[in-house]
1. Which helices (runs of 4 or more DSSP H) does region 276-388 wholly contain that include 2 or more residues that are out of contact with any helix residue (DSSP H, G or I) (no Cβ under 6 Å at 6 or more places or on another chain) and outside the structural domain of Ala195 (by TED's automatic domain parsing)?
2. State which residue is nearest to His194 (Cα to Cα) when the search covers only region 244-259 and only residues that are part of a strand (DSSP E or B) and hydrophobic (A, V, I, L, M, F, W, C).
3. Name, by its number, the condition in (1) surrounded by 20 or more Cβ atoms within 10 Å (Cβ to Cβ); (2) modelled with pLDDT of 90 or more; (3) among the basic types (Lys, Arg) that does not hold for Arg161.
4. Within region 85-131, can you find the residues that are over 22 Å from Arg28 (Cα atoms) and part of a helix (DSSP H, G or I)?
5. Here are Ala443, Ala449, Ala416, Ala431: which of them is of a type in the set (A, V, I, L, M), at pLDDT 70 or above, surrounded by fewer than 16 Cβ atoms within 10 Å (Cβ to Cβ) and not assigned by TED's automatic domain parsing to the domain that holds Thr289?
6. The conditions are (1) assigned to a loop (DSSP other than H, G, I, E, B); (2) among the basic types (Lys, Arg); (3) surrounded by fewer than 22 Cβ atoms within 10 Å (Cβ to Cβ), and Arg199 fails exactly one of them. Which is it?
Amino acid sequence: MNNAVPAPPKRPAVLLVEDTPSLQMLYRMVLTKVGCPPVCAASGAEALSKFEKHRPGVVLLDLMLPDMDGMTLLHQMLTLAPRTRIVVITANASIDKAIEATRKGAHDFLVKPLGDQRLVSTVTNALNVFTAQNRTSTAPQGSLLDLSPYFRHAKSEPMQRLCSQIAAVARSMAPVFILGEQGSGKKTVARMVHAESPRAARPFVTVNCALHDPPSLEAELFGRAKHVGPEQGAIFAANGGTLLIENPQDMPLHLQTWLLSILQNGIDSRSDAPPPEPIDLRLVCSARTHPGDAVRTGTLSADLYYHMFVIPLQVPALRDRGDDIIPFARNLVTLISRQEGKRFTGISAAAAAHLAQLPWPGNLRELINVLRHAVVLHDGPELTQQMLPEGLVAAATDATRIPSDTSALTLEDAMAGLSMAEIEERAVRAAIARHDGSIPRAARELDIAPSTIYRKRDVWSKPAT
C-alpha cells in the first residue's frame, strides 16, 4: 500500500505581470518552488494575450507597466473573467493606488519589497479562494466573499494585534483555538492561518459540529464504515493540510475519544476503519464561548481540550474595530455590487454615519446582509441612507439612547412598539445566535420543528412588497 500523502489537485494557472526582468525572475523562482509556476508577461499587451490564452485563476499584477496603466488592465481582465483573483503589486509610495485597486475589484495588494512568505501566502490564498468559488458556483453568492484582505489591512489596534498573532502562529504546527462572537469572522481567521502556513497548498477542510446529529457528524468526520461505502471523512480529506472544527463542544463524547486517538497517534485505529494510513493535519478549532466552560459542564473531554486549546486567538467584535467599520463597509459594497451585477461605487456620508453608530450584534455577517439587501434592491452608484433596510436608521438612533444601567430594562421595555411578527422574528434569531447558528438546537430550545424556522427565515429574507 502506498502510504504517501496524496498529491494535491492540479491548480489553476497563475499569471505574473512584471516588467522588471530581475523581479520577474525572483517572483517566478519563489512561486515555482512551492508548486505554483507562473506564466510571465512583461507588458500590458502581452499580459492580455496570455490572460485570454491561459485564463488564470490568479494574476499578480504590477501597476506600473511600460505600455498600459495597471488600473486599465485590471478592469479589462475582470471584464473578461470576473471571478479571477487579481493581486496588485505596488511601491510603498503608491499604496493609495493599491487600495483604490481593491475597491475596483482586486483581491489583495502587495507592497514592494516583497517577502517570500508574504508572496507565497497571498498567492496561495487567492488560489484557494478561486478554487472554492468555482467549486461552489451554484451556492449563494454571499458565501463567496473573501474577507481576509480586509482583515490584513485593517488599521484598528485589535485587528492589527490579531493579524500579528496569525502571522506568528501560522508557521507552527501547534493547534489553534479561535474565539469570537457569532459572525465576527472566525472562519476567515482560520483560512488566514492556513494560507500563511507551509500547508497553504494543501486542503483546508471545515466541519461544524453544531449542524449535525451524532450519526451524520460521525460520517462527516470519519467517513462511512467500510460496509456502507468508500466516502471519505473530513479528517482524511484534510490529510497534509488543515482541519477546522467549529463548535467541538457539540461533538458526542465517543467521537471526541476517536478524534483524540487519531490526533495523538496519527492513524485511525477504529475496529471498522480501513487499514491504517498516516494522518498528518493541522488542527484549528473555533467557538463562540471558551471551551473550558464545556469541560466544566461535561460536554467536552478534558483530554481533548488540553490537546486543542494550545494557542488561543480572540477575534474582536465588529463594534470594537473602531475606524475599520466604514472602510470595510465600502469595500464590501464594491464586492457585493460586482457579484450582483450592480454599479455601486461607495457609501454616502449620511449612510456611513448611521452604520458607524450601530452596535452590530450579528457582527460582519449582519453588516454583509444589510449591505447586500441595499445593493440588491437598488442600482447605485452611491449607497444612501434611504437605501438601508427599514428600521435600521431607527435602530442606529436607538443605540445611542440605551441607558447605562441595562438591568433596569424589562422584557416589556424591549418589546415596546414591536408587532407580534417582529417579536417572533427577534426571538427566533436570538435563539439561533445563542446556539452558534445551529437551527436544530435553536428549534429544540423554542420547542418547534426546525422546518418551521427554515420556512420563517425564507419569509424574512424576502423583500417587503
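1. Because the criterion is at least 2 residues that are out of contact with any helix residue (DSSP H, G or I) (no Cβ under 6 Å at 6 or more places or on another chain) and outside the structural domain of Ala195 (by TED's automatic domain parsing), the helices (runs of 4 or more DSSP H) in region 276-388 that meet it are 325-340, 349-357, 363-377.
2. Leu244
3. (1) is the only condition that Arg161 fails.
4. Listed by number, the residues that qualify are Ala93, Ser94, Ile95, Asp96, Lys97, Ile99, Glu100, Ala101, Thr102, Arg103.
5. Just a single option satisfies the conditions, and that option is Ala449.
6. Tallying (1) assigned to a loop (DSSP other than H, G, I, E, B); (2) among the basic types (Lys, Arg); (3) surrounded by fewer than 22 Cβ atoms within 10 Å (Cβ to Cβ), Arg199 fails exactly one: (3).
For every residue, the table says whether it meets (1) touching a residue at least 24 places away in the same chain (Cβ under 8 Å); (2) among the hydrophobic types (A, V, I, L, M, F, W, C).
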position: Gln24; (1), (2): no, no
position: Leu31; (1), (2): yes, yes
position: Ala45; (1), (2): no, yes
position: Pro56; (1), (2): yes, no
position: Leu65; (1), (2): yes, yes
position: Thr72; (1), (2): yes, no
position: Met77; (1), (2): yes, yes
position: Arg85; (1), (2): yes, no
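The values are calculated or read from the model by the stated rules, or taken from the named source; none is laboratory data. All of these numbers come straight from a predicted model, not from anything done at the bench. All Cβ positions, glycine included, derive from the backbone under ideal geometry; neighbour counts span all protein chains shown.
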